[in-house]
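Below is one structure, written out as structure tokens; the observations come after it.
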Amino acid sequence: MCAGAQTVSGAINGHSLPNPQANNAVSAPEGRIAQAAGASAAISGTVMDPNGSEVQNADVVLKSLSGTENRNEQSDTNGEFTFTGLPAGDFKLMVSGQGWGTYVSPEIELHSGEFHIVPKVVVSPATSSVVRVTANSSTELSEEQAQIAEQQRILGVFPNFYTSFDWNAAPLESKQKFELAFRSITDPVEFAGPVFVAGFEQAANVFPGYGQGAAGYAKRYGAAYANSFTSKLFSNAVYPSLFHQDPRYFYKGSGGFRARALYAMSAAMITRSDSGRKELNYSYFLGTFTSGGLSNLYYPPENRGALLTFTNGLADIAGDAGANLLREFVFSRFTTRVTGRKFPRP
């Protein structure tokens, strides 16, 4: 979902880089490449606006994920920046400027001897107050994303916490993943859904081992809520924290109907890692089947077993694909308190 970075590995000499337009990369001046040649590794790029013009004097922060190497500099008159003499490790770039929004790069895995060129460092005009990025602001950006999500409701009532309308939104940290999950599963509206599920199961006498009457309805309601609780907890917090995956749906909002529909349905199986890469959504798969397995603890004995686990798990995955279609084409129109809609280009 996020554009990757083109890397130039190995020894770096003073020759010019290939034509940047032909290679879809951002070039660096020969002098800077020569300066980086004697260093362990380097990261370079060009800050641009959505129209392709260079942005000068932008604040560029390079943050080491291990906390050992944090640097700041400003883009020059050509919009370019270069960090040299870097150790091998994992890094992130954060870019902002007066009158501009904030760009946060995917995780950059830097090897010894690499000259890493980051393409498409694009900052959009700020829609509200200017955000100044510092080397310690990664957690603040993550917290801001969680706060934005918790304000989003369909028609001002139904939660739409797990839709991001900012394609380049900063990744959530584990703390925010758990906070958002608990905010979701304890929302008053969340307690209303099982009312209808239990009512349907009672009327159709699904899971007859529960019996009928008030006691049977209460058991069905408890099971339906427990299914939702465990599924969201494991799929949106526990496993995404363990495997560093983003539990949100990133609204596409551009392109044709077919492209958007295929994207929405595939998002139930493919997700974005915290570093910005597309990955199989094994956090969600493991979460749904973990929830299905736990349901064997409270369903009637005659209904327990592998079939119950897989039935509940597959139903959850199919439901998520359908929910993504609604997020893409319906819910987006009626979601209130959305901050800074920034979609990918068609």
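The values are calculated or read from the model by the stated rules, or taken from the named source; none is laboratory data. From a predicted model like this one, the values you see are computed outputs, not experimental measurements. Every residue, glycine as well, gets a Cβ built from its backbone with ideal geometry; the counts of neighbours run over all protein chains shown. In case anyone asks, the SASA skips ligands and DNA or RNA and just uses the protein heavy atoms, side chains included. Shrake-Rupley method; radii C 1.70, N 1.55, O 1.52, S 1.80 Å.
The lysines within cross-link reach of LYS232, meaning a Cα-to-Cα straight distance under 19 Å and a gap of 8 or more places when in the same chain, are LYS175, LYS177. Length gained on full extension, ASN72 to GLU140, computed as 0.36 nm times the residue gap minus the Cα-Cα distance: 22.7 nm. For the pair LEU314 and LYS278 in one chain, pulling the backbone fully straight at 0.36 nm per residue adds 10.8 nm over the alpha carbon distance. Projecting label points 7 angstrom from Cα along Cα→Cβ for ALA215 and VAL189 puts them 3.6 nm apart. On full extension, the segment bounded by GLN98 and SER124 gains 8.2 nm, given 0.36 nm per residue less the C-alpha separation.
Would you mind telling me the share, in percent, of accessible area of segment 41-122 contributed by carbon and sulfur at probe 1.4 angstrom? Within segment 41-122, the accessible surface is 41 percent carbon and sulfur. Between segment 38-115 and segment 268-318, what is the separation of their alpha carbon centroids in Å? One Cα centre to the other: 39 Å. Across segment 94-103, computed HN-Hα scalar couplings (Karplus, 6.51 cos²θ - 1.76 cosθ + 1.60, θ = phi - 60°) run 10, 10, 8, x, 4, x, 10, x, 10, 10 Hz from first to last residue, x flagging Gly and Pro. The residues of segment 147-205 have, on average, 46 Å² of accessible surface per residue, using a 1.4 Å probe with all protein chains present.
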